[in-house]
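Input: a single structure, listed below in structure tokens.
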């Protein structure tokens, strides 16, 4: 029985990155061998065990054989005669198909170290085409490693396009699409995830609402990049610079979905795109089982980002309505995330990357002032719940009106 460190731990150590978790492959063993040594079986589809002390995952070396469409159509085989090279061959990318022995020796049968040096994401073998999830994984690894200069190998991109043409991407289940997307949104360059999926022609299959934004023009005065698809990629990149929160990045990504349904005769204007976009986000979230916290924030941003951008010119009553519609008085933390996504929208335009967004400060002050307003006992006297609420709202409106009337600075 031989044990090897595999996958991401080997890759990240060679890149000089922190190793977050370690996975192991065991060659020449049977399930009962590990069970006898105290390992706990946790794998359902194939034998994966947890180490009795470290609780790290140890999988028996295995091979896979395609038996049906999609990523579930596989038959796995584990046996003491499956070699380490056999196990590594079934992995997605060469940079993930390396191992280290307990003596520290690097085992690299498919050139992963060479591709790390060249900054290339390359498939291990033609078996890559058997699993459509690998399209999403390549895009996610691009989102992680694009800042280091990684690119997808031309032959791997061609293979992914062939997979899409063969209908493999259409077999992806919604939960897995969202799982990989959520991970990509947490990476340093999530806009690379979007770019790779589009280059692979997979975006039209997994996110048709985003794909149809490309080629849709916007007014050049406010959008020098003109193309709406280009804009959402820039907005996603801006969101990644502003915050590590995936839900804010998601909101920036989908905030303009409504522009994809504007009749071409109305271009480059997009009247009513905010409400249309909110409905499209709700449908997308339902399809992909997107968590409520992502969906709710994204719908707010889609519906009200235009008001946020006009904050410097809004009447006090409109500001208060915006705070109420966003439930900002009860959920100020989410409103702060709303403002971050709106700022990302503004900065996600050619030449706008470094512009200030004073609207966030103005709306932040308005929220703080509105939340500070209270009614004393005399003001509450003789009023029931609804009347108390109306008086409190009127007092907030007067406070905001005074704020709007105050000279700047």
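The values are calculated or read from the model by the stated rules, or taken from the named source; none is laboratory data. A quick note: this is a predicted structure, and the numbers were derived from the prediction, not measured. Ideal geometry is used to build each Cβ from the backbone, glycine not excepted, and the neighbour counts take in all protein chains shown.
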(request) Mind telling me which of the residues 25, 10 ends up being at pLDDT 90 or above, assigned to a strand (DSSP E or B) and closer than 26 Å to residue 142 by Cα? (result) 25
(request) For the stretch 165-180, indicate whether the set of residues that are at pLDDT 95 or above, out of contact with any helix residue (DSSP H, G or I) (no Cβ under 6 Å at 6 or more places or on another chain) and under 21 Å from residue 341 (Cβ atoms) is non-empty. (result) no
(request) Restricting attention to the stretch 211-232, report how many residues are within 21 Å of residue 179 (Cα to Cα) and surrounded by fewer than 24 Cβ atoms within 10 Å (Cβ to Cβ). (result) 1
(message) Among the residues that make up the stretch 105-117, is at least one of them outside any loop (DSSP other than H, G, I, E, B), out of contact with any strand residue (DSSP E or B) (no Cβ under 8 Å at 6 or more places or on another chain) and free of Cβ contacts under 8 Å to residues at least 60 places away in the same chain?
(response) yes
(request) List the number of the failed condition for residue 204; all other conditions in (1) assigned by TED's automatic domain parsing to the domain that holds residue 352; (2) without any contact (Cβ under 8 Å) to a residue 60 or more places away in the chain; (3) assigned to a helix (DSSP H, G or I) hold. (result) (1)
(request) Just give me the residues in the stretch 256-290 being touching a residue at least 12 places away in the same chain (Cβ under 8 Å), within 18 Å of residue 177 (Cβ to Cβ) and within 17 Å of the chain's Cα centre (by Cα), in sequence order. (result) 257, 281, 282, 284, 285, 287, 288, 289, 290
(message) Looking only at residues that are loosely packed, with under 15 Cβ neighbours inside 10 Å and part of a strand (DSSP E or B) in the stretch 28-54, which one is modelled with the highest pLDDT?
(response) 40
(message) Within the stretch 173-184, does at least one residue satisfy the condition of being touching a residue at least 12 places away in the same chain (Cβ under 8 Å) and within 23 Å of residue 349 (Cβ to Cβ)?
(response) yes
(message) Restricting to the stretch 160-177, name every residue that is surrounded by 20 or more Cβ atoms within 10 Å (Cβ to Cβ) and part of a helix (DSSP H, G or I).
(response) 160, 163, 164, 169, 177
(message) Condition first: more than 22 Å from residue 104 (Cα to Cα) and in contact (Cβ under 8 Å) with a residue 12 or more places away in the chain. Now tell me which residues in the stretch 10-41 satisfy that.
(response) 30, 31, 33, 34, 35, 37, 38, 39, 40
(message) Yes or no: the stretch 62-79 includes at least one residue that is more than 30 Å from residue 170 (Cα to Cα), over 31 Å from the mean Cα position of the chain (by Cα) and at pLDDT below 95.
(response) yes
(message) So if I check each of 383, 392, which one is over 38 Å from the mean Cα position of the chain (by Cα) and not in a helix (DSSP H, G or I)?
(response) 383
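Yes/no per residue for (1) within 23 Å of residue 246 (Cα to Cα); (2) at pLDDT 95 or above; (3) touching a strand residue (DSSP E or B) at 6+ places or on another chain (Cβ under 6 Å):
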site	(1), (2), (3)
349	yes, yes, no
371	no, yes, no
375	no, no, no
378	no, no, no
381	no, no, no
389	no, no, no
